[in-house]
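The values are calculated or read from the model by the stated rules, or taken from the named source; none is laboratory data. Model, not experiment: these values are computed from the prediction. Please note: Cβ atoms are built from the backbone with ideal geometry, for glycine as well, and neighbour counts cover all protein chains shown.
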Amino acid sequence: MATATHTLPHAHAAEPTGIWSWITTVDHKRIGILYGVSAFILFMTGGVEALIMRLQLAEPDGTVVSAQTFNALFTMHGTTMIFMAIMPLGAAFFNYMVPLMIGARDVAFPRLNALSYWVFFFGALFINSSFLFGTPPDAGWFAYAPLSNRTGSPTHSVDFWILGLQILGVASMMAGVNFIVTILNMRAPGMTLMRMPVFVWMVLVVQFLVVLAFPIITVGLVFLMFDRLFGTNFYIPEAGADPLLYQHLFWLFGHPEVYILILPAMGIVSEVLPTFSRKPLFGAEFVIFSGIAIGFLGFGVWSHHMFTTGLGPVADISFSFTTMMIAVPTAVKIFNWIATVWGGQLRFDTPMLFALGFVFMFTIGGLSGFMHAVPAIDLQQQDTYFIVAHFHYVLFGGSILGLFGGIYYWYPKFTGRLMDERLGMYHFWGTMIGFNMTFFPMHFLGADGMPRRIYTYHAWEGWSTWNMVATVGAFIIASSQLIFLYNYVTSRVRGKVAGNDPWDAATLEWATSSPPPEWDFDRIPQVTSSRPVFDMKYHGAPKPPPGRDEGIHIPPPSYWPIIVGLGIAMIFGGAMLVPTKGPWVSITGFVIFVGGTFGWVFQPGYGYTPSEHH
Amino acid sequence: MSDKRAPIFGFTAVFLILAILWIWYPFGTPLLFQSTIFPLTDNAERTQSVYAMVYWITLVIFLVVEGLLLYTLFRFRARGDEKAPPAQTHGHTALEVGWTLATVVLVLVMYVPSCAAIRYHQGPPPTPNPLVIDVTGRQWFWEFYYPDQDLTTANEIVVPQGRTVLFHVSATDVIHSFWFPRLGGKRDAVPGRTQPMWFTPTELGDFHGQCTEYCGSSHALMKMDIKVVPAADFDAWVAQQKAPSDPAAMAGFGVFAASGCIACHMTMQNDKTVLHMNGPNLMKVATRGKIAAGILDNTPENLKLWISNPQHVKPDAKMNVPAMQCTGPGTPDACCRDVQIGNCLPDATVDQLVAYLEMMK
């Protein structure tokens, strides 16, 4: 086929390749790919953990793994999927797409951006290295004190978890600040806030949530760490502490975290549905304000995770109200998405399938969520498989389907080629069938009284059938992801050449080449509406003249971010050795951190001008 | 072209299957030991009435919203002969305000009865003079104390039919959650806190419950049973529990003490002076239906299995003989090399212990 060997436009001969170029890169697009690849590897790791759990539970009295291993598996499955798969998959899109969608040449702080990736990288490595030491975290992904105290978990297991999350938190905070500054300051001329793509809006909301929510869990985890390592009594009931303090701090972070996970997917869906309906997003400003409202309300609902702890009727009535109120902006979004599709010319390409799958499945997750917003019902459903079903409908049926939609949608922008439609269709339907087989029966298991986090059950309890169905479903999900992986890899070579704008889309990232040059845009476009590229195609808006802007500066590559990142990870990671082996690892980390920062400061960061080569 | 409609058929099939399952469940699902939707007490009935309302309303929302989505997909699918983009509608304020308000109203419809249920469940028990039971969650068993009867027991409670039971739920090590699904919603057992919860059992029978807050290795094996009996039988049960043990049993006490069991378990007393020992109270253990927190039937064989190797039955169970068993001359067993596994008791000793415990009634 001629197209298979077709030279892609903007195949930049001068752009460096090789591992060193990836380690030192500060290009937001490459960092986006690093995030995406790392996150997908971790997504598969968490998936394998889930499969082992499903094997154990497939039949009563399962003997696949021990109780201790099972407990570590569900702890690491949750921790991995939330902090090391869905969040960084979102970050992959923030990094790659946001500068392109707002018409910028990079993020505001490119080296800081590289640093947040490397800190994330070392954090993920650190927390998963606990498997090699034989002490994986096993106190659950929210590690309630006092189970997570030194007496409840005497090994280093929970230390790995606490310190790993602190490292990952540092990465998220830096990225949060970076993207807030980028979005607020680096938009192309004419792109007012209300002309910004809805995806970028959702990213902005998410970054504010990150910056406001992560300090809370940092405090909560520092207390726990001090209890474990230095003998303080923040959560020790024998010393008079109330362990519910931990739960309040955790969920005051933990609920905004849920929206940190779902809002990027909502943003992606808000881009995909209009494109494949050939219409603008219906009520865009309502969708945006709903996203902001969800962000605000997200800080006022945390105690709905704690209805069974006995906070009293006043707290239950209040938090039940705020929780139910979240249904309003969420419903507004769903109605607007349906209204977007209404009256369109719908094409069912893979990105559209995933976006529709998102709306379909997320609605179910929203409705089951409404059920346990009612405290009386929650007292029956809390900590059963009904809850497991609910949050997989929002995090898998929601976040993951949305993010897959994003991958199919923007893959041609990343690579210049389209992913295979037929394989994409198999991937979608395999995932959809497997997902519903796995998680819909879990509603029934929960209502039949099966608690979550139990490593075994007995035949007489009557949970065997649905558990077997769920296990079969889980393997269907897993095999479908292999189709995706195959499609992703082979389409880089065999995929149809995409051109700049394969979907007939409307936003700015489709104005530049696929893949974009290192400097993103030859000419920074002028923006006059929320759909600049659509206007250029159909409304005669002026296109940028050929040629390239003078004086483009690209920040130079730097190896300091990976060094500083290593230092930060060592400072935190070494903390768990302080009571037994002394502070030497942390001190070494600190020296690396300070040295790396000096090197960083004195490295010229003002950039270079790319050479003319085409 | 039929292939253009294939995705719509796919979505429709998923929609129909889920809708049918949603409608089927309340009518078709079998009654299981821990089913939450077949309530047996006033407390659980109240939950069920709110749940039923929310269940059917959310089902209607599901049918309407997803149905509308499917209809939209079908009606507006591209036919492949479009010349120009469709009408570019950007929004409709009245529509936005309309569906926002409609959602608010629907939320309030469900919120008001929900608040009433909160007041009901967290208010005082509906009848005066409830039977009080103090519940203490432990890794990994349940300790129960009847303050009015001054009676300590474990893993099994007996309550009279028709009288409200008021539980004071607490814990001593980590957080657990106290739950008898058919009798009412759960209440967390939090160390340092004591929290009330009540229900009035109306039906005779033996019902199952389970810890529902992850509490460490053997969280899955922390079960319990509740027997609802006629009021007269309850009094008889209390009398039996309070009665002194068979004097003949004293013969076995020596081996019970010498094997170290006495460090954590009481067999001579079950009043408030022996609350919160490390292990469950065993004074009337032979009257219980199950052992090891509701996971094994109370038979001599199971007792033997449980005593000889507790960690095999229940991972990380805290039942270990004291070190003295493994230090003296004539060390009984190779298992002493790993003090975490097994009780290292000679077979003959275990048999004597089983015989002793069988007399605890």
Filter segment A:456-475 down to the residues that are outside any helix (DSSP H, G or I) and not aromatic (Phe, Trp, Tyr), then identify the one that is surrounded by the fewest Cβ atoms within 10 Å (Cβ to Cβ). A:HIS458
Whether any residue in segment B:117-134 is in contact with a strand residue (DSSP E or B) (Cβ under 7 Å, 6 or more places away or on another chain), within 27 Å of A:PRO375 (Cα to Cα), within 10 Å of another protein chain (Cβ to nearest Cβ) and surrounded by 13 or more Cβ atoms within 10 Å (Cβ to Cβ) is what I want to check. no
What residue, of A:THR182, A:THR218, is assigned to a helix (DSSP H, G or I), touching a residue at least 24 places away in the same chain (Cβ under 8 Å), crowded, with 24+ Cβ neighbours inside 10 Å and among the hydroxyl-bearing types (Ser, Thr, Tyr)? A:THR182
Can you name the residue in segment A:435-481 that is without any contact (Cβ under 8 Å) to a residue 60 or more places away in the chain and small (Gly, Ala, Ser) and, of all such residues, is farthest from the other protein chains (Cβ to nearest Cβ)? A:SER479
Any idea which of A:PHE360, A:PHE354, A:PHE404 is within 10 Å of chain B (Cβ to nearest Cβ), part of a helix (DSSP H, G or I) and either touching a strand residue (DSSP E or B) at 6+ places or on another chain (Cβ under 8 Å) or among the aromatic types (Phe, Trp, Tyr) (or both)? A:PHE360
Breaking point among (1) part of a helix (DSSP H, G or I); (2) over 27 Å from A:ALA470 (Cα atoms); (3) of a type in the set (A, V, I, L, M, F, W, C), for A:LEU132: (1)
Answer yes if at least one residue in segment B:14-32 is touching a residue at least 40 places away in the same chain (Cβ under 8 Å), over 16 Å from A:SER368 (Cα atoms) and within 8 Å of another protein chain (Cβ to nearest Cβ), and no otherwise. no
Name the single residue that is farthest from the chain's Cα centre (by Cα) among those in segment B:6-48 being under 17 Å from A:PRO441 (Cβ atoms) and of a type in the set (Val, Ile, Thr). B:VAL14
Filtering segment A:309-329 down to residues that are surrounded by 19 or more Cβ atoms within 10 Å (Cβ to Cβ) and facing chain B (nearest Cβ under 9 Å) yields A:THR309, A:GLY310, A:ASP316, A:SER320, A:MET324, A:MET325, A:ALA327, A:VAL328, A:PRO329
Within segment B:1-13, of all residues that are surrounded by fewer than 16 Cβ atoms within 10 Å (Cβ to Cβ) and either in a helix (DSSP H, G or I) or touching a His at 6+ places or on another chain (Cβ under 7 Å) (or both), the one farthest from the other protein chains (Cβ to nearest Cβ) is B:SER2
Scan segment A:54-66 for residues that are surrounded by 21 or more Cβ atoms within 10 Å (Cβ to Cβ) and within 14 Å of chain B (Cβ to nearest Cβ) and report the count. 2
The residue from A:SER148, A:SER116, A:SER153 that alone is crowded, with 24+ Cβ neighbours inside 10 Å, hydroxyl-bearing (Ser, Thr, Tyr) and within 14 Å of another protein chain (Cβ to nearest Cβ) is A:SER148
Would you call A:ILE433 touching a helix residue (DSSP H, G or I) at 6+ places or on another chain (Cβ under 8 Å) and surrounded by fewer than 24 Cβ atoms within 10 Å (Cβ to Cβ)? yes
Scanning segment B:65-94 residue by residue, those in a helix (DSSP H, G or I), of a type in the set (A, V, I, L, M) and more than 7 Å from chain A (Cβ to nearest Cβ) turn out to be B:LEU70, B:ALA94
Could you please find all residues in segment B:192-228 being in a strand (DSSP E or B), hydrophobic (A, V, I, L, M, F, W, C), surrounded by fewer than 23 Cβ atoms within 10 Å (Cβ to Cβ) and away from chain A (no Cβ under 13 Å)? B:ILE226
Considering only segment A:363-400, state which residues are closer than 16 Å to B:SER177 by Cβ, more than 7 Å from chain B (Cβ to nearest Cβ) and aliphatic (A, V, I, L, M). A:ILE387, A:VAL388
B:TYR55 among the hydroxyl-bearing types (Ser, Thr, Tyr), surrounded by fewer than 21 Cβ atoms within 10 Å (Cβ to Cβ), outside any loop (DSSP other than H, G, I, E, B) and within 8 Å of chain A (Cβ to nearest Cβ): yes
So A:ALA91 fits all but one of (1) part of a helix (DSSP H, G or I); (2) in contact with a His (Cβ under 8 Å, 6 or more places away or on another chain); (3) within 14 Å of A:VAL177 (Cβ to Cβ); what number is the exception? (2)
Taking the criterion of being touching a strand residue (DSSP E or B) at 6+ places or on another chain (Cβ under 6 Å) and either within 7 Å of another protein chain (Cβ to nearest Cβ) or of a type in the set (D, E, K, R) (or both), would at least one residue in segment A:243-262 satisfy it? no
Here is a list: A:PHE296, A:PHE286. Which entry is in a helix (DSSP H, G or I), at the interface with chain B (Cβ under 10 Å from one of its Cβ atoms) and closer than 30 Å to A:PHE94 by Cα? A:PHE286
Inside segment A:560-603, the number of residues satisfying the requirement of being touching a Gly at 6+ places or on another chain (Cβ under 9 Å) and not in a helix (DSSP H, G or I) is 1
Before we move on, is A:GLY231 at the interface with chain B (Cβ under 7 Å from one of its Cβ atoms) and at pLDDT below 95? no
Within the bounds of segment A:166-173, is there any residue that is free of Cβ contacts under 8 Å to residues at least 24 places away in the same chain and part of a helix (DSSP H, G or I)? no
Check segment A:182-190 and report whether any residue there is basic (Lys, Arg) and under 30 Å from A:PRO604 (Cβ atoms). yes
Of everything in segment A:223-244, what is free of Cβ contacts under 8 Å to residues at least 24 places away in the same chain and either assigned to a helix (DSSP H, G or I) or within 28 Å of the chain's Cα centre (by Cα) (or both)? Give them in sequence order. A:PHE226, A:GLU238, A:ALA239
Is it true that B:ALA189 is more than 8 Å from every other protein chain (Cβ to nearest Cβ), touching a residue at least 40 places away in the same chain (Cβ under 8 Å) and among the small types (Gly, Ala, Ser)? yes
Residue check, A:PRO517 surrounded by fewer than 17 Cβ atoms within 10 Å (Cβ to Cβ) and out of contact with any Phe, Trp or Tyr (no Cβ under 6 Å at 6 or more places or on another chain): no
Filtered residues of segment B:96-116 (kept if at the interface with chain A (Cβ under 7 Å from one of its Cβ atoms) and under 25 Å from A:VAL341 (Cα atoms)): B:GLU96, B:TRP99, B:THR100, B:THR103, B:VAL104
